[in-house]
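The values are calculated or read from the model by the stated rules, or taken from the named source; none is laboratory data. For clarity, every value in this text was computed on a predicted model and none was experimentally measured. Reconstructed Cβ throughout: ideal geometry from the backbone, glycine too, with neighbour counts over all protein chains shown. For accessibility, only protein heavy atoms count, side chains too; no ligands or nucleic acids. Shrake-Rupley method; radii C 1.70, N 1.55, O 1.52, S 1.80 Å.
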Amino acid sequence: MFAAVGLRHGCRATAHPSLRPALNRVGSGASAGRQLLFFSSAASSAAVEAAPAATAAAARLPGIKSEAEAVIQEAVRSKSLSRKAVGAKTLWKLSKGKLTVWVAISAMPGYMLALPACVEPLTLTALATGTFLTSASAQTMNQIIEIDRDARMHRTAQRPLPSGQMTESQAKVFAAVSGTTGLGILSLGCNPLTAGVAATTMVTYAAMYTPLKVLSPYNTHVGAISGALPTALGFTAALGTGLFASPWAMHAAWLFSMQVLWQMPHFYALAWIHRTDYKRGGYNMFPLTDETGHATAAMSKPYLVGLCALPVAASAAGLASWMLPLGAAVPSYMWWSSLKRFEANPNIATGRKFFLGSLSYLLAVLALFTAYAHVDQKHLVAEGEEEAQKSSVHSDPLWRASIAARLSDLCPHEQMRSTMFDLMKDGCPIPKGMLPQGKGSSTA
């Protein structure tokens, strides 16, 4: 008790000398205790102050963990995808295979018309393969640019890139390989001019049309030019630079013009059907602001009128027999009828029929033009009747003459001409002098 009282009053000096060491130890312990109490209090205060931040950090841990896991999973997925071989089905989707086939088909009529003699299988194969590969490359570049926009749209979300079926790096490799291979095939298997036209098509599609899709509604006009350029590939594959001085140059211009006009209503119908999706993707197109469909029908009508007039103009200009407008009247009427139904009752069903009608129209007109186009005799330079006949033989497609020589007795064109009392000068698309005597060769 004495030691405690002495410590309490600070009177350790008055204590007995024998108790001073003990009192010193007690004092030191009390001082240490006070220091410990101070630091404990400070620590408690700091802990209280830090508690909200610690609680918030703890609350964020699951989110941070989830983000980290997502990043790791994405890295693992990308690495596994880069090691995994991409299947043919995925590459077909990346190439927009159906559209690319249509592009390759559009290059065929020009070659079949302008080839100087018989069909050369190697050249024809190079034309079809090179056109397909360059189109696949352009379509792939388009999808690489539009990954984010495709991911927002329902109709494109399952494409290979936005759905994660392949990586962007893999797509770039495919675009580079298919593009360079296709151009090489066209250059070596056909000629450099054909490769140049294909390269121009790729550039206008990927570097001009694709960026314009979000900038201006007139992107469709640029896309129409890009989509029509493949029609020239067949002519250049057959004639090379000689096309420009050839009587087939006007045929190439006609086919190009036809496909430019055709693409406008074709795409307007597609854009209107999927207008909600295109808006979601952030695109800028005329039909997207048309809620009723009447404006889209009105925009499409002038192009169909022009398309109906083109076959007549071709025959009047001597580019084809009059069987071209007669034959084209059927697909033209069918497509026009689908437009009128869409105009009267705009909805998804009538819009889709109008869109599908454009496809059947194009296929029919390409086939008809291939069958009935020819070179007008006034464009041929020859000396004497015999030489003119030789020029005629070598200026029109010989494959048609070969077929007609075997089937001329069944030729419906000549039968129609006879039925109409020879009023049609060009009953059969095969030129005079190319058929055996007495078989379809009597033309006025």
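Here is how the numbers come out for the structure above:
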{"read-out": "Selection from I225, Q165, F244, by position along the positive dipole direction of segment 105-259 (Cβ)", "value": "Q165"}
{"read-out": "Between segment 154-176 and segment 230-257, the alpha-carbon center distance in angstrom", "value": "35 Å"}
{"read-out": "Accessible area in the full protein assembly, largest first, 1.4 Å probe, for L127, L261", "value": "L261, L127"}
{"read-out": "Solvent-accessible area, 1.4 Å probe, carbon plus sulfur percent, for segment 95-152", "value": "72 percent"}
{"read-out": "Sparsely packed chymotrypsin sites (Phe, Trp or Tyr not before Pro) within segment 163-267, loop by DSSP, other Cβ within 10 Å at most 15", "value": "Y218"}
{"read-out": "Per residue accessible area of segment 170-232, 1.4 Å probe, in Å²", "value": "39 Å²"}
{"read-out": "Phi to ³J(HN,Hα) by Karplus 6.51 cos²θ - 1.76 cosθ + 1.60 over segment 273-289, Hz, x for Gly, Pro", "value": "4, 10, 4, 5, 5, 5, 5, 4, x, x, 8, 10, 9, 4, x, 5, 9"}
{"read-out": "Residue (of M141, A151, P109) at the positive-pole extreme of segment 95-183, dipole from beta-carbon charges", "value": "A151"}
{"read-out": "Of all accessible heavy-atom area on segment 183-342, the percent that carbon and sulfur account for (1.4 Å)", "value": "73 percent"}
{"read-out": "Listed residue pairs exceeding 24 Å between alpha carbons, taken from K279/K340; K301/K353; K172/K353", "value": "K279/K340; K172/K353"}
{"read-out": "Highest average packing first - 178-186, 91-99, Cβ atoms within 10 Å", "value": "178-186, 91-99"}
{"read-out": "Distant-in-sequence amide H partners of A320 (H built 1.01 Å from N, under 5 Å)", "value": "S315, H374"}
